[in-house]
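The values are calculated or read from the model by the stated rules, or taken from the named source; none is laboratory data. Values in this document were obtained by computation on a predicted structure and should not be read as measured data. Every residue, glycine as well, gets a Cβ built from its backbone with ideal geometry; the counts of neighbours run over all protein chains shown. Note: accessible area is taken over every heavy atom of the protein model, side chains too, but ligands, DNA and RNA are not part of it. Shrake-Rupley method; radii C 1.70, N 1.55, O 1.52, S 1.80 Å.
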Amino acid sequence: MNNKKYIYTEFVLLILLSISQFFGVTGANLGIVLCIICLFCLLPEKKDTEALFIAMPAFNMFSYSLGKTSLFYLLIILYSVKYLWHKNFRVNKRKMIIFFLCCLFTITIQDVEVWVKWVLQFWLMILLFNDKNLDQNFENIIKYTSVSAVLSSIVGYVMQINGKSIYTRSYVYIQDAGSTTRFAGLIGDSVFYGQFIAVLIAANLTLAYRNKKYTMFAYIASAIMAAFVLLSFSKTAILLIAVEVTGYIVFLIARNSNNRKNIFKNILLIFGVWAVIMLLYQYVMTHTDNILIKGFLTRFSANDLWTGRTSIAETYFEWLSTDWKYWLSGMEYSQYTSGIQNGNLLITRAHNIYIETACLFGIIPAIILLVALVCYFYRLQIKYRVSMMSYLPLLVLAASGISLHGHFEWHYYFLCSITFACVHSDIRKRKEIRSNEINAIY
């Protein structure tokens, strides 16, 4: 079978799975999931990673019924087995040491199911870190994942308007309109949906900056995904998308400034951006009765824009400081999710990835991990002079961590893999160019 036919077949199966889940046909759900797993077994090595990321946005659909434990974990196990088989069960020693140490620090979670799921997700990220297949096929992977994300968003929207979605726990109260459900796609949470899309848009803009041929797809996919994010009423996501689009435009202007022939492009770009901003401003001012605009005005005009996160952070800091064990190992999952009362809401997560990292690994191990990552990418930058645009997805994910947790959420380590690969793929491409130049000389 042609490689592209594998991809098209997977998309067809995912669409069929969406239809089956919509009508709640449990037998068909399991049958289609089994077909996807069988297809995955037949895939050639170089297509495994693409297929895994294509299926990823539909993670919560991989069950006999929505809301049940996802069978996507079987795909992760299968991918790991195939990966190790092709590598003759040889894995980078540093990766294995980091993996086992992290497992050791987190074993204090004391919840077997949560820990096993976390181990599988973390293990996959470790395998994909600086992986040749992911880096070399990064453009295709982002393209296919974006298409899958759009499809899953459409499915999520159709389910929501038909009362079929189980992800209706988050609302925004709009004056004169009552409570409106915040859109969550198939991710399961409106805020995490916004984070997921923001990172994907950043990856698309990075690829558009690198490759002009990718520009049209990146713009169209990003626009569609951003439109769905509006339905989530996520302040974090909207701010992140605004910042990354601004960053992209600034980088384009800076690059065009290096060539006098492109000065006219800069003038057109600046005028175009100004015109769009003015039109948006005019539209907002003249359509304040629009549900979306009302919702965002309500959320951005709230007295506490941080939505109680300050008191949440203070509580978690207090918990971490009460027991010396937390300096060296992770917090019990029951303690981490015991809940903090914030008004009428019971908050059961840290809502900050840096605090959650300390809760998961322990304070000292968390600091070592974060410092090690910063040093790693700093050394890469010194050695390869990577375009700063390649760090955009990583910076977006790091910024989102100020208000969002993620280690125990299924999508988080996939996003980490995307952000890391964005940098590594740039480096691999630079190495290939240098190698070709040397070969041309000799």
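Quick notes on this structure:
- Stokes-Einstein translational diffusion, region 54-146 - Kirkwood Rh over all Cα pairs, 1.567 mPa s, 4 °C, in µm²/s: 87
- FRET efficiency for Val91 and Phe377, using Cβ-Cβ distance with R0 set to 22 Å, rounded to 0.05: 0.50
- The residues His86, His411, sorted by heavy-atom accessible surface at 1.4 Å with ligands and nucleic acids left out, run His86, His411 from largest to smallest.
- Length gained on full extension, Ile161 to Val116, computed as 0.36 nm times the residue gap minus the Cα-Cα distance: 12.7 nm.
- Distance cut-off 18 Å, percentage of C-alpha pairs in region 1-90 lying past it: 41
- In this calculation the C-beta distance from Ile367 to Ser311 is compared with R0 = 22 Å, giving a FRET efficiency of 0.40.
- Candidate aspartates and glutamates - alpha carbon under 18 Å from Lys213, same-chain residues fewer than 8 apart omitted: Glu139, Asp426
- Amide H contacts under 5 Å for Leu71, placed H, 5+ residues apart: Phe62, Ser63
- Sequence-separation-based contact order of the chain, relative, with Cα cut under 8 Å and 6+ spacing, percent: 18
- Compactness of region 326-431 was expressed as the Cα radius of gyration divided by 2.2 N^0.38 Å, which yields 1.26.
- Evaluated over region 1-90, the count of Lys pairs having alpha-carbon atoms less than 23 Å apart is 10 (only pairs 8 or more residues apart or interchain).
- Most fluctuating residue given options Ile19, Ile97, Ile32, as computed from a GNM of the chain linking Cα atoms under 10 Å: Ile97
- Proximal lysines relative to Lys431, as straight alpha-carbon distance under 17 Å, when same-chain residues fewer than 8 apart are discounted: Lys132, Lys383
- Proximal aspartates and glutamates to Lys294, defined as alpha-carbon separation beneath 13 angstrom and excluding residues fewer than eight positions away on the same chain: Asp176
- Relative contact order (percent, whole number), region 1-90, Cα cutoff 8 Å, 6+ residue spacing: 29
- Dipole axis of the chain (+1 Lys, Arg; -1 Asp, Glu on Cβ), positive-most option in Ala358, Ala223, Ala58: Ala223
- Contour minus Cα-Cα distance for Leu104 and Arg385 (0.36 nm per residue): 97.6 nm
- Between Gln136, Ser179, Ala149, the Cα set farthest toward the positive side of the dipole of region 107-195 (charges on each charged residue's Cβ, about the Cα centre) is that of Ser179.
- Using bins of 20 Å that start at zero, the share of Cα-Cα pairs per bin across the chain amounts to 23, 58, 19, 0, in whole %.
- Distance in nm between pseudo-label sites at Val245 and Thr26 (7 Å out along the Cβ direction from Cα): 4.4
- Nearest-20 debye value, region 1-90 charge dipole, Cβ charges on Lys, Arg, Asp, Glu: 220
- By average C-beta atoms within 10 angstrom, highest first, the peptides 290-299, 267-276: 290-299, 267-276
- Amide hydrogen proximity for Tyr171: with H placed 1.01 Å from N in the peptide plane, the residues at 5 or more positions away or on another chain lying under 5 Å are Arg182.
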